[in-house]
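**Student:** Dropping a structure here in structure tokens format, bear with me for questions.
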Amino acid sequence: MTELTLDVRDISKRFGDGETGVLAVRDVSLAIEPGEIVLIMGPSGSGKTTLLSMMGALLRPTSGSIHLDGMPISMMSEDRLPDIRLRQIGFIFQDFNLLSALTTLENVSVVAELAGVKGRAARGRAQALLSDLGLGERLDFLPEKLSGGEKQRVAIARALVNDPPLILADEPTANLDSKIGHEIMRLLRAVAKQEGRSVVIVSHDERIRDIADRVLWLEDGALRDIVTMATDPVCGMAIERERAVSAARDGETWYFCSRGCRAEYLGGPTAEAVIEGPAGDRQAADRER
Amino acid sequence: MMGAGVLLARRNLGRDRVRLAASVGGIALALSLTLALDAIYAGVANQLTTYIERSGADVWVAQAGVRNLHMVASALPASVVDAVRAIDGVATITPILEATDTIAAGEERAVAYVIGLPAGAAAGGPWDIAEGSAQVGPGEIIVDRGFARTAGVALGGTVEVLGGQARIVGLSSGTASLVNTVAFVSFGDFRAMRGGAAVISFALVTVAPGASADGVAAAIERRVPGVTAQSRADFMAQERRIVTDMSADVIAIMSIVGFVVALAVVALTVYVATLARRRDYGVLKALGARNRVLYRVVLAQAAISVAAGLAVGLGFTASLSILVGWTDLDLQLAITASSVEKVAVFAAVIAGLAAILPIRQIGGVDPAIVFRRGAPA
């Protein structure tokens, strides 16, 4: 059994008491594996940010538990939480939240220094990360001199500098145009798939579905629907498993956007079996019509 | 982590240079207030003790209980001179008469230590003659060159002193201070003007090679009744204490004013700087910075501002002392190590106090501020 990066069990968050109290998150359970990308969507006021804050050890749930890499962060004393946030979690924000007085390099290295890495080593680590993200020529720039995409890449480097197993991203593409948004999504996918980190994204941006392994719908503080995403091996389209047509081959289940893709795929080596889900049938039929 | 705190403090300050300049300038002026006042009084003390220091005497013998020169009168029987001369270790002894009097020339008047000097005195005479003679005879006087210039008199001119008149035969240098000047007349004239009594004010002793001033002073006090004998250093220290005692209250008041002004300036600028970066502190908290790291940032900001203010204040006061030296003012600004030490301690306390309010503010910043929209960096 794979060890979970994040294990959220029955958490609720209530703000205020009595009749004026608001239950922002109710009985949410969620398990996230290493290398998994989970997208949480939902209308404004649905509790997404509250949920993200609790997963980020910035807010304590009223009830339920959160385990990060096996550590019960919801039970920890306030004194221990900054260290958890510093070393176990990387944050990416919609507004980037770079420190305006620091250069690109300093914005990243300062977080490593906070974790105890000495000055030169911290700068070296930050420089390597920024260079990997294509910002090698922007090290001495102040945030105000960077484009939105560059700022978000700096934020990603900052989130990664202490090598955390979990990345929490709050609307990471909201302030970016389409092209840059795609670039950031590609980066986040690489962070998860190449480095084995778990990535939780809260967003309204439908495009992020393309890179997510699972999409969760949060409404009125509760998860209403869970969609598991897959990539069509023929056309590369991101698809919801529950609504896709599928086929099993070589002991593995594959998901397709349409019967056509499945047929094309099965035209190769012989399949062991063909499974068609009812939802997949309906959707595929709709597309073919 | 110390590095991160200092880096953030430096960058936060550096990003708003106008605010930094205002802060440093305000602190510098406030601290200069104390520094300059201290320097003025130290300068006055230096000037007041110049005569003692440059008199050439190793031991000052005075009437019993008289331990300084300023605002006191000492009267010793002339026979003390022979008694002191007989003590081992005494090389020379010069009796002088001394009184604080007003000398006048034309419309100009000045308070002066008037020194009655025997002919060929081994000690107690002018040490730097700018013009004329270093020896005074009957009816003659040596005055400070600054006084003569201000009064519009020169060699050969007349000065009113001790109720009579004397002709200027020499102009001395370095014998004027903010509070008084030194004038030299002949011992005989001084004694005659005072009624001819066989008394002296002080006996100035030089000690023989190998003898210590303190040892000789102690021996004089043991063997000559009715006198107080002090080494030059002790006599100067007592003279300085007079100035310190007189100036202590004024300096204390001005120091408090400077302290409050500097504190207000630093507290306000650090508070405003912290307020302006409230979101940054929230971001740092969200990323995992502990409160104590952020407190260090604020303290470092206050400390850097105050240290820069102190440095500028010192530079300003030092420049002022040089400028004053170039003028004709009988004023000297002496910046002493103890004064700098005192102001540095002041500055450190100011930095600590100024950080209290911003630290309380940071303590209350909710790290979840990072999820609120509207302040992109």
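The values are calculated or read from the model by the stated rules, or taken from the named source; none is laboratory data. None of the values given here were measured: they were computed from a predicted structure. No Cβ is skipped: glycine too gets one built from the backbone with ideal geometry, and neighbour counts run over all protein chains shown. When the accessible area is computed, the model is the full protein with side chains, heavy atoms only, and any ligands, DNA or RNA have been set aside. Shrake-Rupley method; radii C 1.70, N 1.55, O 1.52, S 1.80 Å.
**Student:** For segment B:147-158, check the following and say yes or no: at least one residue is within 30 Å of B:SER79 (Cα to Cα), crowded, with 20+ Cβ neighbours inside 10 Å and aliphatic (A, V, I, L, M). Quick ask: steps written out before the conclusion?
**Tutor:** Kept after step one, since they are within 30 Å of B:SER79 (Cα to Cα), are these residues of segment B:147-158: none.
For segment B:147-158, residues within 30 Å of B:SER79 (Cα to Cα), crowded, with 20+ Cβ neighbours inside 10 Å and aliphatic (A, V, I, L, M): absent.
**Student:** While we're here: Taking segment A:96-108 as the region of interest, how many residues are at negative phi and at the interface with chain B (Cβ under 7 Å from one of its Cβ atoms)?
**Tutor:** The number of residues fulfilling the criteria is 6.
**Student:** Checking the conditions here, which among A:GLU113, A:GLU137, A:GLU183 is assigned by TED's automatic domain parsing to the domain that holds A:ILE40 and of a type in the set (Asp, Glu)? Before the answer, list the steps.
**Tutor:** Numbers: A:GLU113 fails: assigned by TED's automatic domain parsing to the domain that holds A:ILE40; A:GLU137 fails: assigned by TED's automatic domain parsing to the domain that holds A:ILE40.
Sole residue among the options that is assigned by TED's automatic domain parsing to the domain that holds A:ILE40 and of a type in the set (Asp, Glu): A:GLU183.
**Student:** Tell me yes or no: at least one residue of segment B:88-95 is touching a helix residue (DSSP H, G or I) at 6+ places or on another chain (Cβ under 8 Å), over 24 Å from B:VAL161 (Cα atoms) and loosely packed, with under 15 Cβ neighbours inside 10 Å.
**Tutor:** Yes - at least one qualifying residue is present in segment B:88-95.
To keep it simple, each residue is scored yes or no on (1) more than 8 Å from every other protein chain (Cβ to nearest Cβ); (2) among the hydroxyl-bearing types (Ser, Thr, Tyr); (3) assigned to a helix (DSSP H, G or I); (4) within 24 Å of A:PRO172 (Cβ to Cβ).
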{"position": "A:GLY45", "(1), (2), (3), (4)": "yes, no, no, yes"}
{"position": "A:THR49", "(1), (2), (3), (4)": "no, yes, yes, yes"}
{"position": "A:ARG60", "(1), (2), (3), (4)": "yes, no, no, no"}
{"position": "A:GLN94", "(1), (2), (3), (4)": "no, no, no, yes"}
{"position": "A:VAL110", "(1), (2), (3), (4)": "no, no, yes, yes"}
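**Student:** Of all residues in segment A:168-212 being within 13 Å of chain B (Cβ to nearest Cβ) and of a type in the set (A, V, I, L, M, F, W, C), which is surrounded by the fewest Cβ atoms within 10 Å (Cβ to Cβ)?
**Tutor:** Ranking the candidates gives A:ALA174 first.
**Student:** Suppose we filter B:SER79, B:SER74 for residues that are of a type in the set (Ser, Thr, Tyr), within 22 Å of B:ARG241 (Cα to Cα) and at pLDDT 85 or above; which single one remains? If you could, list the steps in order and put the result at the bottom.
**Tutor:** Numbers: B:SER79 fails: within 22 Å of B:ARG241 (Cα to Cα).
Going through B:SER79, B:SER74 in turn, just one is of a type in the set (Ser, Thr, Tyr), within 22 Å of B:ARG241 (Cα to Cα) and at pLDDT 85 or above: B:SER74.
**Student:** Shifting gears a bit: Based on what the data block shows, is B:ALA30 away from every other protein chain (no Cβ under 14 Å) and surrounded by fewer than 23 Cβ atoms within 10 Å (Cβ to Cβ)?
**Tutor:** no
**Student:** I would also like to ask the following. Please enumerate the residues belonging to segment B:79-101 that are touching an Asp or Glu at 6+ places or on another chain (Cβ under 9 Å) and either on the phi > 0 side of the Ramachandran plot or free of Cβ contacts under 8 Å to residues at least 12 places away in the same chain (or both).
**Tutor:** Correct list: empty.
**Student:** Still on this structure: Run down B:VAL306, B:VAL340, B:VAL324, B:VAL345 and say which single residue is of a type in the set (Val, Ile, Thr) and more than 30 Å from B:VAL179 (Cβ to Cβ). Don't jump to the end; show me each part of the working.
**Tutor:** Details: B:VAL340 fails: more than 30 Å from B:VAL179 (Cβ to Cβ); B:VAL324 fails: more than 30 Å from B:VAL179 (Cβ to Cβ); B:VAL345 fails: more than 30 Å from B:VAL179 (Cβ to Cβ).
Exactly one residue qualifies, and that residue is B:VAL306.
**Student:** Tell me, yes or no, whether segment A:81-91 has at least one residue that is out of contact with any strand residue (DSSP E or B) (no Cβ under 7 Å at 6 or more places or on another chain) and in contact (Cβ under 8 Å) with a residue 60 or more places away in the chain.
**Tutor:** yes
**Student:** Looking only at residues in segment A:139-167 that are β-branched (Val, Ile, Thr) and not in a loop (DSSP other than H, G, I, E, B), which one is nearest to the other protein chains (Cβ to nearest Cβ)?
**Tutor:** Filtering first and then ranking leaves A:VAL154.
**Student:** When segment B:209-244 is examined, which residues are found to be open to solvent by 30 Å² or more (accessible area, probe 1.4 Å) and outside any helix (DSSP H, G or I)?
**Tutor:** Within segment B:209-244, B:PRO209, B:GLY210, B:ALA211, B:SER212, B:PRO225, B:GLY226 qualify.
**Student:** Please indicate, with yes or no, whether at least one residue in segment B:334-348 is away from chain A (no Cβ under 14 Å), part of a loop (DSSP other than H, G, I, E, B), crowded, with 18+ Cβ neighbours inside 10 Å and at pLDDT 85 or above.
**Tutor:** yes
**Student:** State whether one or more residues within segment B:278-296 are open to solvent by less than 50 Å² (accessible area, probe 1.4 Å), modelled with pLDDT under 90 and away from every other protein chain (no Cβ under 14 Å).
**Tutor:** Among the residues of segment B:278-296, not one is open to solvent by less than 50 Å² (accessible area, probe 1.4 Å), modelled with pLDDT under 90 and away from every other protein chain (no Cβ under 14 Å), which makes the answer no.
**Student:** Can B:ARG85 be described as modelled with pLDDT of 90 or more, under 18 Å from B:ARG232 (Cα atoms), surrounded by fewer than 23 Cβ atoms within 10 Å (Cβ to Cβ) and in contact with a Phe, Trp or Tyr (Cβ under 8 Å, 6 or more places away or on another chain)?
**Tutor:** No; evaluated as a whole, the condition is false for this residue.
**Student:** Answer with yes or no whether A:GLY116 is open to solvent by less than 10 Å² (accessible area, probe 1.4 Å) and either within 11 Å of chain B (Cβ to nearest Cβ) or assigned to a helix (DSSP H, G or I) (or both).
**Tutor:** Numbers: open to solvent by less than 10 Å² (accessible area, probe 1.4 Å): no; either within 11 Å of chain B (Cβ to nearest Cβ) or assigned to a helix (DSSP H, G or I) (or both): yes.
When the stated conditions are applied, A:GLY116 does not pass them.
**Student:** Which one is surrounded by the most Cβ atoms within 10 Å (Cβ to Cβ) among residues in segment A:62-88 that are within 17 Å of A:GLU3 (Cβ to Cβ) and more than 14 Å from chain B (Cβ to nearest Cβ)?
**Tutor:** A:ILE66
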